Amino acid sequence: MLRDGDPIDVRFTKWGGGRHWEFPLSVLGEDEHGVWAAGDVGTRLWRPGAGFESEIAWVTLVPHDRPWAASFYGSAHQHIDTYVDMTTVAEWSGRAVTMTDLDLDVILMRDGSLVLDDEDEFEVHRVELGYPEEVVDLARRTADEVMAAISDGAEPFGSAGSTWVARARER
């Protein structure tokens, strides 16, 4: 069982098991939507061939049973409010959580515009990495559902994200 303040390791992989982005977070809490965890300024994020230290703080939601992971930036990011990666459902092993990145991303910009990003990468990888048709359908369907939820202000894309961002700032 995770407790507030526990460190967790977030591991995104690519289809077939290749390593992708990895980074540590600190658990803020858990609710009906999933596990909420904070990344601080200076958090190191890395993947094969790349890495950087975050210049902003953020909060990531790892849902209990949904095939996506969402990062909420509040006012910390000058352009992006919410960034949602389409993934497989997260799998937990102790304090490590792993999910397969399926390329498609839904981004809510600070100006209110909504973007479906990396469609070109998705099309390339579905062939090169051999995404099964059910995975292709899952990624597309999930992206549509997330775009609709954000547009409608449905939780956790309504006030929940900003509530957890505020909680992270208070710690």
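The values are calculated or read from the model by the stated rules, or taken from the named source; none is laboratory data. Keep in mind that what you see is a predicted model, and the values were worked out from it rather than measured. Glycine also receives a Cβ, built like all others from the backbone with ideal geometry; neighbour counts cover every protein chain displayed. For accessibility, only protein heavy atoms count, side chains too; no ligands or nucleic acids. Shrake-Rupley method; radii C 1.70, N 1.55, O 1.52, S 1.80 Å.
Looking across region 112-128, the residues that are open to solvent by 50 Å² or more (accessible area, probe 1.4 Å), among the hydrophobic types (A, V, I, L, M, F, W, C) and not in a strand (DSSP E or B) come down to VAL124, VAL127.
Conditions (1) of a type in the set (Phe, Trp, Tyr); (2) in contact (Cβ under 8 Å) with a residue 60 or more places away in the chain; (3) touching a Phe, Trp or Tyr at 6+ places or on another chain (Cβ under 7 Å), marked per residue:
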{"site": "ARG19", "(1), (2), (3)": "no, no, no"}
{"site": "TRP36", "(1), (2), (3)": "yes, yes, yes"}
{"site": "ARG47", "(1), (2), (3)": "no, no, yes"}
{"site": "ALA50", "(1), (2), (3)": "no, no, no"}
{"site": "ALA57", "(1), (2), (3)": "no, yes, no"}
{"site": "GLN78", "(1), (2), (3)": "no, no, no"}
{"site": "THR88", "(1), (2), (3)": "no, no, no"}
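Within region 90-100, restricting attention to residues that are part of a loop (DSSP other than H, G, I, E, B) and more than 22 Å from HIS125 (Cβ to Cβ), which residue is farthest from the chain's Cα centre (by Cα)? Show your work before the answer.
We begin by selecting, within region 90-100, every residue part of a loop (DSSP other than H, G, I, E, B); these are 90, 94-95.
Okay, now just the ones that are also more than 22 Å from HIS125 (Cβ to Cβ), so 94-95.
Numbers: GLY94: 19, ARG95: 17 Å.
Among those that are part of a loop (DSSP other than H, G, I, E, B) and more than 22 Å from HIS125 (Cβ to Cβ), it is GLY94.
Any chance you could count how many residues in region 123-146 are within 18 Å of LEU108 (Cα to Cα) and not β-branched (Val, Ile, Thr)?
6
Among the residues of region 134-148, are any open to solvent by less than 50 Å² (accessible area, probe 1.4 Å), farther than 21 Å from HIS64 by Cα, in contact with a helix residue (DSSP H, G or I) (Cβ under 9 Å, 6 or more places away or on another chain) and touching a residue at least 12 places away in the same chain (Cβ under 8 Å)? Among the residues of region 134-148, not one is open to solvent by less than 50 Å² (accessible area, probe 1.4 Å), farther than 21 Å from HIS64 by Cα, in contact with a helix residue (DSSP H, G or I) (Cβ under 9 Å, 6 or more places away or on another chain) and touching a residue at least 12 places away in the same chain (Cβ under 8 Å), which makes the answer no.
Kindly indicate whether any position in region 16-24 is touching a Leu at 6+ places or on another chain (Cβ under 8 Å) and surrounded by fewer than 12 Cβ atoms within 10 Å (Cβ to Cβ).
From region 16-24, those touching a Leu at 6+ places or on another chain (Cβ under 8 Å) are 16, 21-23; that's our starting set.
Subset that is surrounded by fewer than 12 Cβ atoms within 10 Å (Cβ to Cβ): 16.
Yes, some residue in region 16-24 is touching a Leu at 6+ places or on another chain (Cβ under 8 Å) and surrounded by fewer than 12 Cβ atoms within 10 Å (Cβ to Cβ).
Mind checking which residues of region 74-89 are out of contact with any Ser or Thr (no Cβ under 7 Å at 6 or more places or on another chain), modelled with pLDDT of 95 or more and not in a strand (DSSP E or B)? Selection gives VAL89 alone. In region 36-73, what residues are part of a loop (DSSP other than H, G, I, E, B), in contact with a Lys or Arg (Cβ under 9 Å, 6 or more places away or on another chain) and open to solvent by 20 Å² or more (accessible area, probe 1.4 Å)? Selection gives PRO48, ALA57, TYR73.
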